[in-house]
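Handing you a structure now.
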Amino acid sequence: VGLSSFRLDGLSRLPDGDLLLSFNAGGTVGGVTFDDSDIVRFTPTQLGAATAGTFSLWFDGSDVGLTTNGEDINAFDVLEDGTIIISTQAGHRLASVRGNDEDLLAFTPSSLGATTSGTFARYFDGSDVGLASSSAEDIDAISINESLGVISMSTIGSFAVTGLSGADEDLFDFTPSTLGSSTSGSFAAFVIGSVVGIPSGDDIIGACEF
């Protein structure tokens with residue numbers, strides 16, 4: 001479908017089966033021009049070894065203030081109510097909220113597509129729960145299980161939080177007691193990469209969907 005020269009760094013699946021994709025650099029695919037702060041929608045007519053379908057721009061980050069190099073979307077998920085949970089590659093400085101690469105934003109859209117609008121809020125403050133001691137603790141993969149109340153995530157490098165440490169090939173769960181600007185909760189291991197055969201240093205990136 002034309003993505004051979006692009007690196008995927010974020011993935012989520014909509015209930016209708018369409019895929020939402022973000023990339024680590026801008027470009028054009030299927031007639032759709034995008035930036036690394038955008039999310040592209042892929043509507044498949046066929047998946048598997050002979051994938052086919054069409055692309056459209058789903059979220060335009062520059063419309064809502066994601067304009068700097070560090071504000072590349074490097075992981076995201078979509079909640080049942082349509083709220084988009086976003087991780088950025090580095091710090092983000094928006095009119096309503098500021099944060100760092102270990103934090104998650106919640107974007108509540110009023111419109112999507114080529115003219116995106118809505119509001120941001122802090123969703124998860126990583127520094128409140130120990131994800132701030134090094135640049136390696138940048139969150140670069142997320143998936144949110146609303147029925148269990150769990151956020152699954154991975155980091156760009158090694159991490160250490162209360163009761164748990166791991167590497168970039170691991171996935172771990174956070175069960176929140178509170179979210180937002182005062183985040184609290186507990187961590188637990190989910191997938192230990194070395195146990196399931198993921199080689200050391202093979203970073204799990206934004207495609208973390210369960």
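The values are calculated or read from the model by the stated rules, or taken from the named source; none is laboratory data. Model, not experiment: these values are computed from the prediction. Because the Cβ atoms are built from the backbone with ideal geometry, glycine has one as well, and the counts that use them run over all protein chains shown. Side chains are part of the model used for accessible areas, which takes the heavy atoms of the whole protein and leaves out ligands, DNA and RNA. Shrake-Rupley method; radii C 1.70, N 1.55, O 1.52, S 1.80 Å.
Using θ = phi - 60° and the Karplus curve 6.51 cos²θ - 1.76 cosθ + 1.60, what whole-Hz ³J(HN,Hα) does each residue of the stretch 67-79 get, with Gly and Pro shown as x?
My calculation for the stretch 67-79 gives 10, 8, 4, x, 8, 4, 6, 10, 5, 6, 8, 10, 7 Hz in order.
Another question, if that's okay. Which far-off residues, 5 or more places away or on another chain, put their amide H under 5 Å from the one on residue 186, with H placed in the peptide plane?
Excluding prolines and chain starts, which carry no amide H, the hits are 175, 177.
Further question: Modelling each spin label as a point 7 Å along the Cα-to-Cβ direction, I'd like the residue 62/residue 8 distance in nm, to one decimal.
Distance between the two pseudo-spin positions: 2.5 nm.
Under a point spin-label approximation (7 Å from Cα along Cα-to-Cβ), what is the residue 98-residue 186 distance to one decimal in nm?
Distance between the two pseudo-spin positions: 3.5 nm.
Using the basic label-point model (7 angstrom from Cα toward the beta carbon), what is the residue 33 to residue 111 distance in nanometres?
For the pair residue 33/residue 111, the computed spacing is 2.0 nm.
What is the distance in Å between the Cα centres of the stretch 67-91 and the stretch 118-160?
If you average the Cα positions of each part, the centres end up 11 Å apart.
Among (i) 1.06; (ii) 1.14; (iii) 0.98, which one is Cα Rg over 2.2 N^0.38 Å computed from these coordinates?
The calculated read-out lines up with (iii).
Roughly speaking, what is the stretch gain from residue 127 to residue 25, that is 0.36 nm per residue apart minus the C-alpha to C-alpha distance, in nm to one decimal?
Numbers: separation 102, 0.36 × 102 = 36.72 nm, distance 2.72 nm.
Here the segment from residue 127 to residue 25 would lengthen by 34.0 nm.
What FRET efficiency comes out for the pair residue 134/residue 49, r = Cβ-Cβ distance, R0 = 45 Å, nearest 0.05? Walk me through the numbers on the way to the answer.
Working: r = 40 Å, r/R0 = 0.90.
Efficiency computed from Cβ-Cβ geometry: 0.65.
Leaving ligands, DNA and RNA out of it, report the carbon-plus-sulfur percent of the accessible area of the stretch 46-144 at a 1.4 Å probe. Intermediate results must be reported in sequence, preceding the final value.
Numbers: 1880 of 3970 Å².
For the stretch 46-144, the apolar C and S fraction of the accessible surface comes to 47 percent.
Now, a different point. Hey, can you grab everything whose amide H is under 5 Å from the amide H of residue 24? Only 5+ residues off in sequence or another chain; H modelled, so Pro and N-termini drop out.
Those qualifying (amide H under 5 Å, at least 5 residues apart or on another chain) are 7, 9.
To continue, here is another question. Which whole-Hz couplings ³J(HN,Hα) result when phi for each residue of the stretch 117-132 is put into the Karplus expression 6.51 cos²θ - 1.76 cosθ + 1.60, θ = phi - 60°, listed in order with x for Gly and Pro?
Working through the residues one at a time gives 8, x, 10, 9, 8, 5, 9, 9, 9, x, 5, 5, 10, x, 9, 8 Hz.
I need the phi-derived Karplus couplings for the stretch 25-40: 6.51 cos²θ - 1.76 cosθ + 1.60, θ = phi - 60°, integer Hz, Gly and Pro marked x.
Taking θ as phi minus 60°, the curve returns 8, x, x, 9, 9, x, x, 10, 9, 9, 10, 6, 9, 9, 10, 9 Hz for the stretch 25-40.
A further question follows. Can you tell me the accessible area per residue over the stretch 1-134, all protein chains present, probe 1.4 angstrom, in square angstrom? Numbers along the way, then the final one.
On the way: 5880 Å² over 134 residues.
Result: 44 Å² of accessible area for each residue.
By the scheme Lys and Arg +1, Asp and Glu -1, what is the net charge of all other residues having a beta-carbon under 11 Å from that of residue 44?
0
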